[in-house]
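K.L.:
Below is one structure. I have some questions about it.
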Amino acid sequence: ASISVKELAEVLGKKGSDLVMALMKKGQMLNINATLDFDTAAAIAEDYNVILEQEEEKDILETVFAEEEDDEKDLKERPPVVVVMGHVDHGKTSLLDAIRHSNVTKGEAGGITQHIGAYTVQIDGKPITFLDTPGHEAFTAMRMRGAQITDIAILVVAADDGVMPQTVEAINHAKAAGVEIIVAINKMDKPSANPDRVKQELVEYGLVAEDWGGQTICVPVSAVTKEGLDSLLEMIILVAEMKELKANPNKHARGAIVEAQLDKGRGPVATVLVQNGTLQVGDPIVAGAAYGKIRAMTDDKGRRVKKAGPSTPVEILGLSEVPSAGDSFYVAENDKQARQVAESIIAKNRENMIKETPQKVSLDDLFSQIQSGNMKELNIVVKADVQGSVEAVRQSLERLSNEEVRVRIIHGGVGAITESDVMLASASNAIIIGFNVRPEPAAKAFADEEKVDVRLYRVIYNAIEDITAAMKGLLDPVF
Ligand code: GDP
């Protein structure tokens, strides 16, 4: 982490020039824009009886690129960003392909094979952006890194198969992220298709179809015959309009990395999704430890473009290294600022290797976490050997909720604790409880790395006892 003399002066409530003078008297010749490393800055601050604290990586970026509130009049409608989720083999990939192809006009032929990680289709002149990596794992992995880019989740359920374990996972991952769910009941062309059964099964997970008196939009479709695709797309537009999604295209861009890799000839290649502002060729950008001036941009049809506005995915060239999917990107004032910010993040990452990753919620120190953060919700992922235990635990634990703290089971399922569970817990600051199940080895290592608290029990009573005890600490003192 680093800070400029000017910024330090602000922190200390001094004029920049006064601080430069004071430093000069102590024999430190520093220009007002000079950057100080943390230790130097902390030592100076100590002279003024101020204790400096280090900020996390995200805070460096958010501080440097603090976003000013947009004026209502600058906001323009932006396309919705949609992700497709559901059980394996229910037709997520087929649906994404069918939507992509159904919307290619003849003139664009040839350009349609570009897979850059996201694509945009036009429905009566209204664009919709789809993330091209189906599944809730990719979605939650990005969320874990801080990227909240999705507005709507399409939950694909095969009409001949119904709600399956990953359908439930997808529902819970989408709900944990607060994303609107539209259900696509797929494979309607099959003789064994039974959409009513699907609707019936979804009720159990809080998704009640509109024609059953609920709020959930369900559209019967077939990725093979293309039946229903138009209605599905119309529904997406409708939901997007209700959500009044807006952004300000007239400012420096910011957004998220959708995917990135090293290309032998072209160097680091990243697909970015612009969330606000407009990205332009030549812009200096920072994405985690990667930085650089954008050399070229290509859209999802393989065309060179100079600009990309809100909710538009583009592939960019020119970064110094390969960023991670889910990293935020920001346009800097100039090349130098981009490099400096990236360097301070590299330095910070180096420190982090020695230091701890930020602690997530854990039963051991709930109390102190509440005191510092005012936590009002305890999120829990439950895995058990049989469905009966999952339900028993859900009921017992949710019953522990009281006025001050709400206990929320954000996901419950049968089977070993998987990496996907850890991802969800990490992204949602949850703990994981297992009954007569263990974490898969990779999940165990991942949980350690992410500092997710995993508790294993044989008896439900013991879990309830532990959490009740922890919750006593959760409660605000009553006078
Ligand atoms: P994913 O695992 O969810 O991405 O599922 P895929 O898109 O790979 O589809 C799994 C299988 O179901 C493939 O063999 C598809 O051809 C088939 N499939 C997908 N959609 C439909 C559909 O609407 N009707 C029929 N009959 N088959 C489908």
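The values are calculated or read from the model by the stated rules, or taken from the named source; none is laboratory data. If you're wondering where the values come from, they're calculated on a predicted model, not measured in any experiment. Glycine also receives a Cβ, built like all others from the backbone with ideal geometry; neighbour counts cover every protein chain displayed. Quick note on the areas: whole protein, heavy atoms, side chains included, nothing else; ligands and nucleic acids left out. Shrake-Rupley method; radii C 1.70, N 1.55, O 1.52, S 1.80 Å.
K.L.:
How big is D for the chain, in µm² s⁻¹ as a whole number, if Stokes-Einstein is applied with the Kirkwood radius of its Cα pairs at 4 °C and 1.567 mPa s?
P.N.:
52 µm²/s
K.L.:
Any idea what the dipole of the chain comes to, in debye rounded to 20, about its Cα centre with Lys/Arg Cβ at +1 and Asp/Glu Cβ at -1?
P.N.:
1040 debye
K.L.:
Largest first and to the nearest Å, give the Cα extent of region 251-346 along each principal axis.
P.N.:
Reported extents, whole Å, longest axis first: 36, 33, 22.
K.L.:
Over the chain, what is the percentage of antiparallel beta bridges among all DSSP beta bridges, to the nearest 5?
P.N.:
The antiparallel proportion sits near 50 percent.
K.L.:
Which aspartates and glutamates, if any, have their Cα less than 18 Å from the Cα of K306, not counting same-chain residues under 8 positions apart?
P.N.:
Within the straight-line limit of under 18 Å, K306 reaches these aspartates and glutamates: D283, E315.
K.L.:
Kindly list the residues of region 304-345 that lie in the label zone of D39, defined by a backbone N under 18 Å from the point 7 Å along the Cα-to-C-beta vector.
P.N.:
Within reach of a label on D39, which here means backbone N under 18 Å from a point 7 Å along Cα→Cβ, region 304-345 contributes 344-345.
K.L.:
Compute the distribution of all C-alpha to C-alpha distances in region 378-475, in bins of 10 Å from 0, and list the percent of pairs in each, rounded to whole numbers.
P.N.:
The distribution over region 378-475 is 17, 52, 28, 2, given as percents.
K.L.:
Something else now. Quick check for you: with a 1.4 Å probe and neighbouring chains kept, what is the accessible area per residue of region 146-200, in Å²?
P.N.:
Normalised by residue count, the accessible surface of region 146-200 is 34 Å².
K.L.:
Between P284, H411, S94, whose Cα lies farthest towards the positive end of the dipole of the chain when Lys and Arg beta carbons carry +1 and Asp and Glu beta carbons carry -1, centred on the Cα centre?
P.N.:
P284
K.L.:
Turning to a different aspect of this structure: Ignoring ligands, DNA and RNA, please state the percent of accessible area on the chain from carbon and sulfur, probe 1.4 Å.
P.N.:
The computed percentage sits at 49.
K.L.:
Still on this structure, I have one more. Over region 112-184, consider all pairs of different Cα atoms and compute the Kirkwood hydrodynamic radius from their mean reciprocal separation; express it in Å, one decimal.
P.N.:
About 13.6 Å, per the Kirkwood formula over Cα pairs.
K.L.:
If the cut-off is 16 Å between C-alpha atoms, which lysines fall inside it for K76, apart from same-chain ones fewer than 8 positions away?
P.N.:
The reachable lysines, counting only those whose Cα sits under 16 Å from K76, are K126, K243, K246, K251.
K.L.:
Calculate, for E210 and E72, the FRET efficiency according to 1/(1 + (r/R0)^6) with r their C-beta to C-beta distance and R0 45 Å; round to the nearest 0.05.
P.N.:
Efficiency for this residue pair is about 0.90.
K.L.:
Could I ask something else about it? Quick one: Cα convex hull volume of region 111-245, Å³ per residue?
P.N.:
Given the Cα convex hull of region 111-245, per-residue volume reads 124 Å³.
K.L.:
Something else about it: Please enumerate, by chain and number, the lysines with C-alpha under 22 Å from the C-alpha of K6, excluding those fewer than 8 residues away in the same chain.
P.N.:
K14, K15, K25, K26, K58, K336, K348
K.L.:
Same structure again: Size of the dipole of region 1-88 about the Cα centre, Lys and Arg at +1 and Asp and Glu at -1 on the beta carbon, nothing else charged, in debye to 20?
P.N.:
I would put it at about 480 debye.
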